[in-house]
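The values are calculated or read from the model by the stated rules, or taken from the named source; none is laboratory data. Fair warning: this is a prediction, and the values are worked out from it, not measured in the lab. Methodologically, a virtual Cβ is constructed for each residue, glycine included, from the backbone with ideal geometry; neighbour enumeration extends over all protein chains shown. Heavy atoms of the whole protein, side chains included, go into the accessibility calculation; ligands, DNA and RNA do not. Shrake-Rupley method; radii C 1.70, N 1.55, O 1.52, S 1.80 Å.
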Amino acid sequence: MKKWAPLLLLLLPGGALAAGWWWWRRRATSAPVMEFDALDVTASAAGADVAKVFHDERVQGLAPELVLAVEEYARYGPLPITVTSGLRTDEEQRALYAKGRTVAGSIVTNAQTAADSAHGRAAAFDFAPVREVSNGAVRRVWLGEEAEEKYRVVGEWFEARGLVWGGRWRGLVDMPHVELLNWRALPFPPRGVA
């Protein structure tokens with residue numbers, strides 16, 4: 001874009017925000033892509049060798065704000081991630097709720113039904129930082145201090161864009177979880193889902 005492009009953006013509805021967005025994007029794209037040697041994943045200077053988001057199809061059908069956030073992360077995010085969960089059915093949510101209660105395992109959610117969950121209202125996704133990519137297969141970082149730091153970096157990246165990260169919650173901390181702030185106000189079932 002030309003140097004005068006932000007001035008044109010000011011003329012549009014929400015123009016000040018658009019001009020700020022243009023400046024931020026321009027600034028973000030001028031820096032070289034970082035290398036991920038600490039994660040056993042190496043990116044070229046152009047970033048073409050490694051996708052930063054794997055299984056992004058799992059965000060399809062979610063609120064447009066989340067889809068855009070994941071698309072932006074794929075271009076500018078600090079670490080490679082894989083999307084592990086998006087929209088959930090009532091059956092899937094009830095199965096997760098049963099973990100640690102009536103089924104072996106640890107408690108992973110307090111939402112009993114899809115209507116009680118941001119996932120059920122198409123307003124959340126879960127992710128995992130990628131440790132290694134080999135022939136298209138992804139290994140995730142699940143345990144240890146290294147994993148917590150990676151979740152924190154990614155979670156804070158999404159928080160900086162106005163989303164809620166489950167790593168900040170009190171009680172049942174949900175490090176892989178990202179959701180919209182106002183998800184309870186969204187319709188259930190989500191539009192386009194029967």
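Is it fair to say R140 is touching a Leu at 6+ places or on another chain (Cβ under 7 Å), open to solvent by 80 Å² or more (accessible area, probe 1.4 Å), at pLDDT below 95 and more than 20 Å from Q93 (Cβ to Cβ)? Can you show your working first?
Details: touching a Leu at 6+ places or on another chain (Cβ under 7 Å): no; open to solvent by 80 Å² or more (accessible area, probe 1.4 Å): yes; at pLDDT below 95: yes; more than 20 Å from Q93 (Cβ to Cβ): yes.
Considered against the rule, which asks whether it is touching a Leu at 6+ places or on another chain (Cβ under 7 Å), open to solvent by 80 Å² or more (accessible area, probe 1.4 Å), at pLDDT below 95 and more than 20 Å from Q93 (Cβ to Cβ), R140 comes out as no.
Assess whether R170 counts as being part of a loop (DSSP other than H, G, I, E, B), open to solvent by 80 Å² or more (accessible area, probe 1.4 Å) and out of contact with any strand residue (DSSP E or B) (no Cβ under 9 Å at 6 or more places or on another chain).
When the stated conditions are applied, R170 passes them.
How many of the residues in region 88-117 are of a type outside the set (V, I, T), in contact (Cβ under 8 Å) with a residue 12 or more places away in the chain and in contact with a Lys or Arg (Cβ under 8 Å, 6 or more places away or on another chain)?
Of the residues in that region, 5 qualify.
In region 106-118, what count of residues is obtained for those that are within 14 Å of L172 (Cβ to Cβ) and touching a helix residue (DSSP H, G or I) at 6+ places or on another chain (Cβ under 9 Å)?
9
Hey, can you tell me all the residues within region 177-194 that are part of a loop (DSSP other than H, G, I, E, B) and either modelled with pLDDT under 95 or surrounded by fewer than 19 Cβ atoms within 10 Å (Cβ to Cβ) (or both)?
Of everything in region 177-194, those that are part of a loop (DSSP other than H, G, I, E, B) and either modelled with pLDDT under 95 or surrounded by fewer than 19 Cβ atoms within 10 Å (Cβ to Cβ) (or both) turn out to be L181, N182, L186, P187, F188, P189, P190, R191, G192, V193, A194.
Tally the residues that are open to solvent by 40 Å² or more (accessible area, probe 1.4 Å), touching a Pro at 6+ places or on another chain (Cβ under 8 Å) and aliphatic (A, V, I, L, M), restricting the search to region 74-102.
Matching residues across region 74-102 total 1.
Looking at V164, is it of a type in the set (V, I, T), within 16 Å of the chain's Cα centre (by Cα) and surrounded by 13 or more Cβ atoms within 10 Å (Cβ to Cβ)?
yes
Take V138 and decide whether it is of a type in the set (A, V, I, L, M) and out of contact with any Ser or Thr (no Cβ under 7 Å at 6 or more places or on another chain).
no
Does region 108-130 include one or more residues that are closer than 25 Å to L79 by Cβ and open to solvent by 80 Å² or more (accessible area, probe 1.4 Å)?
No.
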